[in-house]
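Student: Below is a structure I'd like to ask you about.
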Amino acid sequence: MLIDYGALLLLLSSILFFIIMGLFNLTTSLETIFVLRGLHGAIFALATTVMAALAVVVLPAARKGEGINMFAVFSNIAMVLGPAVGLYALQAYGSSILYLFLTIMTGVALVLSNTIRLPKELAKPKHKSMKGWHISQFIEKRSLPWALMGLFIGFTYSGVLVFIPIELNSIGAGVWGSVFFALFALMIIISRPLVGKIYARYGSRFVIYPGIILFIMGLAILGIADTPVGIIGTAPLLGLGYGAAQPAFQALAVQSAPIERAGVSTATYFLALDIAVGAGSIILAMIANALGYQYLYQITALIMVVALGLYHFIIKGYSNFEM
């Protein structure tokens with residue numbers, strides 16, 4: 001059953017994640033670090049997909065959209081606070097203490113994620129006789145429109161995630177990178193109760209439109225900001241925008257498919273998001289090197305304008321299952 005396999009995969013992936021993180025403390029070889037980071041990324045993708053799928057199936061039907069949204073927000077907070085805490089720990093204590101701290105955190109995650117026993121009868125998949133390999137075993141086509149939106153916002157977010165610390169460091173204000181991401185996360189936390197109520201009562205459109213527009217505004221201002229204060233001042237706009245839109249896309253991706261397809265729909269969305277963040281880091285690095293950081297953010301703002309148009313004219317029609 002879904003729960004049995006999910007719980008087993010969660011246990012195995014969290015154990016492997018802890019072991020790999022611990023190995024970072026035992027090497028100084030750059031080649032070994034690259035290998036460990038590759039394994040780390042693969043296990044991270046497996047663990048986060050399994051956790052997201054399990055979160056979907058334990059939620060009551062009446063609050064599934066709100067619950068998925070909440071889970072996504074806490075994931076976002078972790079993704080934002082991670083760079084802030086990591087930058088501070090690296091600058092204040094060095095890489096050895098940073099790796100030790102992260103190993104302890106993964107140990108805590110290992111314990112907490114496998115402590116609660118899940119009900120065995122939550123979701124029974126519909127068995128279908130299927131010979132060989134089929135794309136539907138890995139991709140949920142009903143989730144693809146929302147995965148596409150996740151791809152857009154993940155691509156542009158990678159520019160913020162990767163290049164804000166680099167830009168601040170290049171103008172002699174590297175310490176402010178932690179402040180930027182802390183403000184980013186704080187705005188997600190503060191706005192969470194209101195965003196959740198709006199999503200639950202009025203539907204995703206009342207969250208997605210303001211979210212994308214705020215995110216575009218933040219990127220556009222980054223495109224003209226050239227001081228630490230100007231850069232950090234965009235964090236609230238970006239935090240509010242990303243914290244509203246991205247979880248809504250994830251929730252819709254999962255809600256668009258039957259409950260027994262929760263794992264596949266979750267994997268479909270995260271596949272697009274992970275590809276976008278990874279590819280965005282590479283492509284946007286080329287743009288930053290060729291044109292500079294300000295042009296980089298102006299281009300990402302335009303990309304999100306295209307995404308907003310795509311959502312308004314095409315994608316939002318796929319959310320006819322909601323209010």
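Student: Can you compute the FRET efficiency between I19 and S136 using 1/(1 + (r/R0)^6), with r the Cβ-Cβ distance and R0 = 51 Å? Round to the nearest 0.05. Spell out each step's value before the answer.
Tutor: On the way: r = 33 Å, r/R0 = 0.65.
Computed FRET efficiency for I19 and S136: 0.95.
Student: If each residue of separation counts as 0.36 nm, what is the full-extension length gain between A290 and L8 once their alpha-carbon separation is subtracted? Kindly include the intermediate steps, with their values, before the conclusion.
Tutor: Values: separation 282, 0.36 × 282 = 101.52 nm, distance 4.67 nm.
Using 0.36 nm per residue and subtracting the Cα-Cα distance, I get 96.8 nm.
Student: Could I ask something else about it? In terms of solvent-accessible area of protein heavy atoms at a 1.4 angstrom probe, what is the ranking of I287, I315, highest value first? Before the final figure, lay out each step's value.
Tutor: Numbers: I287 35, I315 5 Å².
Per-residue accessible area, sorted high to low, gives I287, I315.
Student: Next up: Rounded to a whole number, what is D in µm²/s for the chain from Stokes-Einstein with the Kirkwood radius over alpha-carbon pairs (20 °C, 1.002 mPa s)? Could the numbers behind the result be given before it?
Tutor: Working: Rh = 20.6 Å.
D, rounded to a whole number, is 104 µm²/s.
Student: Another one. Using a 1.4 angstrom probe with every protein chain in place, what is the largest-first accessible-area order of K141, K316? Before the final figure, lay out the partial values.
Tutor: Details: K141 155, K316 50 Å².
Per-residue accessible area, sorted high to low, gives K141, K316.
Student: Can you tell me the order of 189-200, 300-311, 240-251 when each peptide is scored by its average per-residue count of other Cβ atoms within 10 angstrom, highest first?
Tutor: Values: 189-200: 16.9, 300-311: 18.5, 240-251: 27.5.
Order by mean packing, descending: 240-251, 300-311, 189-200.
Student: Applying a 10 Å radius around every beta-carbon, put 166-175, 28-37 in order of their mean neighbour count, most first. Intermediate results must be reported in sequence, preceding the final value.
Tutor: On the way: 166-175: 15.3, 28-37: 11.2.
With the highest mean Cβ count within 10 Å placed first, the list reads 166-175, 28-37.
Student: Shifting gears a bit: Report the label-to-label distance for L100 and Y209 in nanometres (one decimal), using points 7 Å from each Cα along the Cα→Cβ vector.
Tutor: 5.3
Student: Based on the mean of other Cβ atoms within 10 Å per residue, sort peptides 267-274, 202-209 so the most packed one is first. Write out the running numbers ahead of the final one.
Tutor: Values: 267-274: 23.1, 202-209: 18.8.
The peptides rank, most packed first, as 267-274, 202-209.
Student: Tell me the mean residue ellipticity at 222 nm calculated for the chain from its helices only (DSSP H runs of n ≥ 4, each -39500 (n - 2.57), averaged over every residue, nearest 500). Mind dumping the intermediate values first?
Tutor: Numbers: 11 runs with 249 residues, N = 323.
Helices in the chain give a 222 nm mean residue ellipticity of -27000 deg cm²/dmol.
The values are calculated or read from the model by the stated rules, or taken from the named source; none is laboratory data. Please read these numbers as outputs of a predicted model, since none were measured by experiment. FYI the Cβ positions are ideal-geometry reconstructions off the backbone, even for glycines, and counts take in every protein chain you see. The accessibility values were calculated without ligands, DNA or RNA, using every heavy atom of the protein model including side chains. Shrake-Rupley method; radii C 1.70, N 1.55, O 1.52, S 1.80 Å.
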